[in-house]
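I have placed the structure first, in the form of structure tokens, so that the comments after it can refer back to it.
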Amino acid sequence: MTRAMSEFDHRYNMLIERFASEPEPAFETAGEQAFTWGREWGCNSDIGTLRVVLMHRPGEEMRVVDRLPHIPELNAFGDPATGAYWRGDTRPTLEQQQAQHDALAAALREEGVEVVYLKRAAPGRHKSIYTRDSCIGIQGGAIVTRMGPRIRRGEEAPVTETLAALGMPILRTIHGTGLMEGGSFAYIRPDLAVVGVSSRVNEEGARQLEEVLAVQGTKLIRVQIPGYRLHIDGAFVMIDHDTAIVNPSTLPFVFMEAMKREGVKLIAVNHEDPSWTINCLAVRPGRILMSDKVGPRTQEALDRADISIRLVDYDKVGLGGGGIHCSTSPLVRDRL
């Protein structure tokens, strides 16, 4: 008699059936995270209590700025051959930037946040200080982005090395022709997020981000960033469960109306405020670190909304093109 299978195959099949694969519980659940990855990683909001943040103290990579030729018609310094550029006519010293960065890190530690530094900066990548852009913490892990301009391409490798050394899961690396920078991503609440499409974020990058978020039940809204502005965190940052600080002159009307329908209160900055006022960081719901140059009217509006502010001197770093929000990439927040 011809047998359908060997005795070995029969026993093997029964063994695997009895010890079957188990898709549940999901990767992002607390138990699975703790068992496999040692802790709960990532964020599902921009306001949950901040536990771990990624930063980079400016170092020798900044020296490239000192050698950039002046471009008078742009009121900037830059070298098209390397892609390096510096806006404006003031280049602060490395020591000034380090002092302000150290003070921001100290303020975060005093707020109970663990500060983790990049293991290294890619050579000459003088914008590495703005760690917000090179990775995005989402529920259960991180997305390593793919930077747009030539001077930022290459930051992806050091951030990948750093996250791997920490043991943080990397859920996606933006690849192909996708472009994505973390400053143009924001959680509105755990089930709703927004990405700003601009010269730094293209549709392919947004599509890849959307794929990862969809697995977690988070809907992604696309917002077209006007002109050559770069990131949504220059115009919109969540600072409490139902409150955002915004610049209404650089946000689409339809997006602001959509936020109102979602129950989000919008606190608008005004002409007295410096450009990096919105670029603040929530360390817990209703508690933010913000530029000390913020004007009194905005401070009063935040106070009326029960938002607690800690002011930080950060104007020298801001000259490089990013503020407090840009300089901090949350890796772990308490889940909402």
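Only one of these is open to solvent by 50 Å² or more (accessible area, probe 1.4 Å), more than 30 Å from ASP334 (Cβ to Cβ), touching a Gly at 6+ places or on another chain (Cβ under 9 Å) and outside any helix (DSSP H, G or I): ARG125, ARG51. Name it. If you could, list the steps in order and put the result at the bottom.
Details: ARG51 fails: more than 30 Å from ASP334 (Cβ to Cβ).
Matching residue, one of ARG125, ARG51: ARG125.
On the given criteria, is PRO158 in contact (Cβ under 8 Å) with a residue 40 or more places away in the chain and under 23 Å from THR82 (Cβ atoms)?
Working: in contact (Cβ under 8 Å) with a residue 40 or more places away in the chain: yes; under 23 Å from THR82 (Cβ atoms): yes.
When the stated conditions are applied, PRO158 passes them.
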Discussion item. Take VAL237 and tell me if it is β-branched (Val, Ile, Thr), out of contact with any strand residue (DSSP E or B) (no Cβ under 7 Å at 6 or more places or on another chain) and under 18 Å from ASN44 (Cβ atoms).
Written reply: no
Discussion item. Quick check on my filter: what residues within segment 27-48 are among the aromatic types (Phe, Trp, Tyr) and open to solvent by less than 10 Å² (accessible area, probe 1.4 Å)?
Written reply: none
Worksheet item: Which of the residues belonging to segment 68-120 are more than 18 Å from GLY323 (Cβ to Cβ) and modelled with pLDDT of 95 or more?
Response: GLU95, ARG109, GLU110, GLY112, GLU114, VAL116, TYR117, LEU118, LYS119, ARG120
Worksheet item: Do we have ARG57 as in a strand (DSSP E or B) and open to solvent by 70 Å² or more (accessible area, probe 1.4 Å) here?
Response: no
Response to the item:
With criteria (1) in contact with a strand residue (DSSP E or B) (Cβ under 8 Å, 6 or more places away or on another chain); (2) open to solvent by 10 Å² or more (accessible area, probe 1.4 Å); (3) within 22 Å of SER45 (Cα to Cα), GLY88 comes up short on (3)
Worksheet item: How about segment 198-312: which strands (runs of 3 or more DSSP E) wholly inside it have at least 2 residues that are open to solvent by less than 20 Å² (accessible area, probe 1.4 Å)?
Response: 219-224, 236-240, 243-246, 281-284, 287-291
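Here is a check on your reading of the model: is ARG18 closer than 30 Å to ALA106 by Cβ and out of contact with any His (no Cβ under 7 Å at 6 or more places or on another chain)?
Numbers: closer than 30 Å to ALA106 by Cβ: no; out of contact with any His (no Cβ under 7 Å at 6 or more places or on another chain): yes.
Spelling it out, it is not the case that ARG18 is closer than 30 Å to ALA106 by Cβ and out of contact with any His (no Cβ under 7 Å at 6 or more places or on another chain).
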Discussion item. Just the residues that are farther than 20 Å from GLY42 by Cα, among the hydrophobic types (A, V, I, L, M, F, W, C) and modelled with pLDDT of 95 or more, please, taken from segment 148-206.
Written reply: LEU179, VAL197, VAL201
Item to complete: Quickly run through segment 138-165 and pick out the residues that are open to solvent by 10 Å² or more (accessible area, probe 1.4 Å) and under 23 Å from GLN216 (Cα atoms).
Response: GLN139, ARG146, THR160, ALA164
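The values are calculated or read from the model by the stated rules, or taken from the named source; none is laboratory data. All of these numbers come straight from a predicted model, not from anything done at the bench. Note that we place each Cβ from the backbone using ideal geometry, even for glycine, and neighbour counts take in every protein chain shown. Protein only, heavy atoms only, side chains kept; ligands, DNA and RNA dropped before computing areas. Shrake-Rupley method; radii C 1.70, N 1.55, O 1.52, S 1.80 Å.
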